[in-house]
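The block underneath contains the structure these notes are about, expressed in structure tokens.
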Amino acid sequence: MVPRLTTALNGPLLSLEKSMLDGMPKIEHWFRTKWLDYAAPFYASVDLRNAGFKLAPVDTNLFPGGFNNLSAEFLPLSVHAAMVAVEKICPEAHRLLIIPENHTRNTYYLRNVVELANILRQAGMDVRIGSISPEISEPTTLEAQGGMPLLLEPVVRVGNRLKLFNKHLGDFDSCAILLNNDLSGGIPDILKNLEQDLIPPLHAGWSTRRKSQHFAAYNKVAHEFSELLGIDEWLINPYFETCGEIDFQARTGEDCLALKVEQLLDKIKIKYAEYGVTQEPFVIVKADAGTYGMGIMTVKSPDDVRDLNRKARNKMAVVKEGLQVSEVIIQEGVYTFESIDDGVAEPVVYMMDHFVIGGFYRVHTERGMDENLNAPGSHFSPLAFQKPCTLPDCAGDPDAAPNRFYAYGVVARLALVAAAMELQEQDPANS
């Protein structure tokens, strides 16, 4: 279930929201049956876009890095969900080692690690933060955003276990290891073939995961869910295509990309005509692997990808950790008609296990409603409780605050089911 939240936003998603409110009992039953078949990821965040006529996920992150942006009022939900998540993976666990990203200079990211560790400690875990960065060779206290201290300790591999050795705090041998590092730069040897439970699993990292695999799984989920509710699947599902052999700097693969863009725009135009949408269709071209808003562009014509200047090609060619882009996903662009304080906004929903634990709005004052907001200059507006209630207001209007956020929670959980399917399908143990 999703928290009841305050919002100053409104929009015309009424018929879709009404379908979800009317179908709430069977929706929740449907989710329960899914979690019997698939193991929910330990945690995830989902970027949503609300176009008024459409509400859809555009990205699902299995290594969420924004726990610092959640309202403090969500903490009880987070702690409860963390208890359930830990019990499923390692029922007898009382020690947990968190391995964060290596970029230790980002104070906001470090504050995210502080907040994540706090949730897990309040869930009853003994938590330490271990770094696999070459820069951390001895216990080092860094200052996170807001002046919060964060102790990073160098991880040492002993046999097939990761341990911490600290003469002041004592040695640390954990039952499980929580990765908050998305492995964009590949899987380091120190993490391979461990006997400790590693969560999420290595194949959830961007060294092997592909966004197109996730949205292929989401296609199945959205189709089944739409049949359950009797709605048009397109209302909750963005079209997508892939282009697998592209080199932006060498300018190879551009014709393949332009053709896929044209085909996708034509499909979107048909749907826009069906629903009387007057906006111009667009697609988002982005790296099929990776995050942090890198390697992304808005495209409204096939010519847009044929005529890229050098700066644009360089921007698309490389993403986080210097990873070269050779595969892209071409995704139907979903407008966002939400705004906060003169900035374009999109909701980001956070989950632990199969529970929604909160969220925030990503806001950008210099980007348009058809652009990627996960970019330098964005800021975050936490979603806060209106009342301590986890139920939609079925007697209220479909666009009442708790109901708008119930709809957000439903679509985010659909993406979570897709992520669970994706991880099961891609598990090397199942091949």
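Of the numbered criteria (1) surrounded by fewer than 24 Cβ atoms within 10 Å (Cβ to Cβ); (2) among the hydrophobic types (A, V, I, L, M, F, W, C); (3) modelled with pLDDT of 85 or more, the one Val410 fails is (1). Selection of the range 122-137 for residues being of a type in the set (Ser, Thr, Tyr) and either within 13 Å of Leu179 (Cα to Cα) or not assigned by TED's automatic domain parsing to the domain that holds Cys90 (or both) yields only Ser131. The set of residues from the range 238-284 being touching a strand residue (DSSP E or B) at 6+ places or on another chain (Cβ under 6 Å) and polar (S, T, N, Q) comprises just one member, Thr242.
For Asn112, are the conditions met, namely being among the polar types (S, T, N, Q), over 21 Å from Gly170 (Cβ atoms) and in the same structural domain as Pro154 (by TED's automatic domain parsing)? Please lay out each step first, then the result.
Numbers: among the polar types (S, T, N, Q): yes; over 21 Å from Gly170 (Cβ atoms): yes; in the same structural domain as Pro154 (by TED's automatic domain parsing): yes.
Here the answer is yes, as Asn112 does meet what is asked.
Being aliphatic (A, V, I, L, M) and closer than 21 Å to Asn50 by Cβ is the filter here, so list the residues in the range 227-257 that pass it. Spell out the reasoning first.
Narrowing the range 227-257 to residues aliphatic (A, V, I, L, M): 228-229, 231, 235-236, 246, 250, 257.
Residues satisfying the conditions are Leu229, Ile231, Leu235, Ile236.
Restricting attention to the range 164-198, and to residues there that are in a strand (DSSP E or B) and among the charged types (D, E, K, R), which single residue is surrounded by the fewest Cβ atoms within 10 Å (Cβ to Cβ)? Within the range 164-198, the match that is surrounded by the fewest Cβ atoms within 10 Å (Cβ to Cβ) is Asp173. Of the listed requirements (1) in contact with a Lys or Arg (Cβ under 9 Å, 6 or more places away or on another chain); (2) in a loop (DSSP other than H, G, I, E, B); (3) of a type outside the set (Asp, Glu); (4) at pLDDT 85 or above, Ile330 misses just one: (2). Surrounded by 23 or more Cβ atoms within 10 Å (Cβ to Cβ), assigned by TED's automatic domain parsing to the domain that holds Val334 and assigned to a loop (DSSP other than H, G, I, E, B): does that describe Pro41? Considered against the rule, which asks whether it is surrounded by 23 or more Cβ atoms within 10 Å (Cβ to Cβ), assigned by TED's automatic domain parsing to the domain that holds Val334 and assigned to a loop (DSSP other than H, G, I, E, B), Pro41 comes out as yes.
Only one of the numbered conditions (1) modelled with pLDDT of 95 or more; (2) in the same structural domain as Ile177 (by TED's automatic domain parsing) is not met by Leu77, and that is (1).
Glu422 passes every criterion in (1) more than 22 Å from Leu229 (Cβ to Cβ); (2) at pLDDT below 85; (3) assigned to a helix (DSSP H, G or I) apart from (2). Yes or no: Thr104 of a type in the set (Ser, Thr, Tyr), out of contact with any Phe, Trp or Tyr (no Cβ under 6 Å at 6 or more places or on another chain) and at pLDDT 95 or above? In short, no. In the range 236-250, the qualifying residues are those that are at pLDDT below 95 and among the hydrophobic types (A, V, I, L, M, F, W, C), and the one that is farthest from Val410 (Cα to Cα) is Ala250.
Screening the range 213-248 for residues that are surrounded by 14 or more Cβ atoms within 10 Å (Cβ to Cβ) and closer than 19 Å to Met316 by Cα and picking the one that is nearest to the chain's Cα centre (by Cα) gives Phe240.
The values are calculated or read from the model by the stated rules, or taken from the named source; none is laboratory data. Owing to the predicted nature of the structure, the values given are computational and were not obtained by experimental measurement. Note that each Cβ is placed from the backbone with ideal geometry, even for glycine, and that neighbours are counted across all protein chains shown.
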